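Worksheet: the structure to be examined is printed underneath.
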Amino acid sequence: MGLEDILQVITEAVQDATSFYSVADQLRKAVSDDPENPLLPFIYAFSYDYVEDPEVERRERWGPYAPMIELADGRVFPPPLEMIDENMIDAWTQVYEQSDSPIVRARLGDLLWLRKIGDRPDLYARSAISSNNELGGGNWNELYRAYCLIRAFELSREIGDQELQRNIVERLLMATQDSIKSEEPKPGVTLRLLQPLLDLTEHEQPNILNEIIDTSFEVYADNPWILDSLFNIKAKRIPDQKQQLRTRFDQVKRWIEEAENSDGIIRMHNYQHALEIARNYGLNDLADEIRRTIQGIRPDELDLKEVTVSTEIPYEEVNRFIEAFIDKSSLDKIRAEPLRGTALG
């Protein structure tokens, strides 16, 4: 399969793609499991899992692109980016140069930037920024569009281009506002889009950011877990310690309210979460009040129910299991012929 054939297959794979993963799926359908298959480098490239949060352990271990699959024995798929050999890098470079697809140039340009290929690897980063920016306004679902904008923002900071960064910040602001105003708000998308903006220095942060956070409180008022994240964001942005404490007080009160409107074990869980926040931030009087409330909850108020599960096990299987402890010949037989599909519970 020559370069033109590879380009043709990839062009078809990206034509109706809904994510980078879907490109990898289409390429897998087009090839066998032959490790020498020329499409394998591209299956790898589009299978990487983008880890947008720089503080999570996976990001610290793998960088922005982690293997999609990690097995307990240490095997991963695709291989870590630093282990991709020169032949595959050359294949990525050739297809990148010949393709005008923003999907191809966003992912391959990013990977080539991270491997610092050529004399001007920053050109790959700039191309990836432009392509991710285009995908961020495309027809993918909101989450994948958010990932593209977040990665474009990261790349603009990595190459130190202030003008590019300001342009991407504007796109992030627009996307965040669109997410909040959506008929079906997706708070997970909103919070992800907010995070890069919060990572900016105080001087770099746009003035409208506080207004966006306040609007988010109104839009997600019925979702206590999203409000929890917003309270954390708000508290971190307040320089005055007393005002921070007031925000934490409001956060605890919101969980108390949620507990009072809940029943059974959910009520207990919400009170315990309120207690944890109160203790973490030194709201001792409030913590004592919550603790007394928890202690006053009777076991019958938790609405716990006993659940009994039964299963039938053939007598022969039970007998074989018992014989394993008293008859060596049976034990040897079991070792040679394991029990067939027998499970408890």
So the helices (runs of 4 or more DSSP H) completely within the stretch 56-124 holding 3 or more residues that are touching a residue at least 40 places away in the same chain (Cβ under 8 Å) and more than 22 Å from the chain's Cα centre (by Cα) are 86-98
Pairs returned, first residue in the stretch 150-164 that is crowded, with 23+ Cβ neighbours inside 10 Å, second residue that is hydroxyl-bearing (Ser, Thr, Tyr), beta-carbon separation under 7 angstrom, 6 or more apart or interchain, are Arg151/Tyr50
Subset tally (residues that are open to solvent by 80 Å² or more (accessible area, probe 1.4 Å) and under 18 Å from Arg267 (Cβ atoms)) for the stretch 224-256: 2
Among the numbered criteria (1) under 24 Å from Ala125 (Cα atoms); (2) in contact with a Phe, Trp or Tyr (Cβ under 9 Å, 6 or more places away or on another chain); (3) among the β-branched types (Val, Ile, Thr), which single criterion is violated by Ile69? (1)
Counting only residues that are acidic (Asp, Glu) and either over 30 Å from Leu191 (Cα atoms) or open to solvent by less than 50 Å² (accessible area, probe 1.4 Å) (or both), the stretch 41-69 contains a total of 2
For the stretch 82-131, name all the residues that are closer than 18 Å to Asn167 by Cβ and among the basic types (Lys, Arg). Arg105, Arg126
Hits in the stretch 70-80 (condition: closer than 25 Å to Asp16 by Cα and open to solvent by less than 30 Å² (accessible area, probe 1.4 Å)): Pro78
Only one of Ile212, Ile180 is farther than 28 Å from Ala125 by Cα, assigned to a helix (DSSP H, G or I) and open to solvent by 10 Å² or more (accessible area, probe 1.4 Å), namely Ile180
Restricting attention to the stretch 210-220, does a residue exist that is closer than 30 Å to Tyr281 by Cα, of a type in the set (Val, Ile, Thr) and within 18 Å of the chain's Cα centre (by Cα)? no
Yes or no: the stretch 286-299 includes at least one residue that is outside any helix (DSSP H, G or I) and open to solvent by 100 Å² or more (accessible area, probe 1.4 Å). yes
Could you please find all residues in the stretch 225-283 being among the hydroxyl-bearing types (Ser, Thr, Tyr), closer than 23 Å to Gln195 by Cα and outside any helix (DSSP H, G or I)? Tyr281
Checking Leu245, Leu194, Leu227 in turn, the sole residue that is free of Cβ contacts under 8 Å to residues at least 60 places away in the same chain and within 17 Å of Leu172 (Cβ to Cβ) turns out to be Leu194
Would you confirm whether any residue within the stretch 19-40 is without any contact (Cβ under 8 Å) to a residue 12 or more places away in the chain, open to solvent by 80 Å² or more (accessible area, probe 1.4 Å) and in a helix (DSSP H, G or I)? yes
How do the pairs read when you match residues in the stretch 281-299 that are more than 19 Å from Ser262 (Cβ to Cβ) with residues anywhere that are of a type in the set (Lys, Arg) and not in a helix (DSSP H, G or I), using Cβ under 6 Å and keeping only pairs 6 or more apart or on different chains? none
Single residue of Ile6, Ile89, Ile69 found to be modelled with pLDDT of 95 or more and β-branched (Val, Ile, Thr): Ile89
Selection over the stretch 81-129 where residues are of a type in the set (A, V, I, L, M, F, W, C), open to solvent by 20 Å² or more (accessible area, probe 1.4 Å) and farther than 18 Å from Tyr65 by Cα yields a count of 2
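The values are calculated or read from the model by the stated rules, or taken from the named source; none is laboratory data. Bear in mind the structure is a predicted one, so any value in this text is a computation, not a measurement. Cβ sites come from the backbone with ideal geometry, for glycine too, and all protein chains shown count toward neighbours. Side chains included, ligands, DNA and RNA excluded: accessible areas come from the protein's heavy atoms. Shrake-Rupley method; radii C 1.70, N 1.55, O 1.52, S 1.80 Å.
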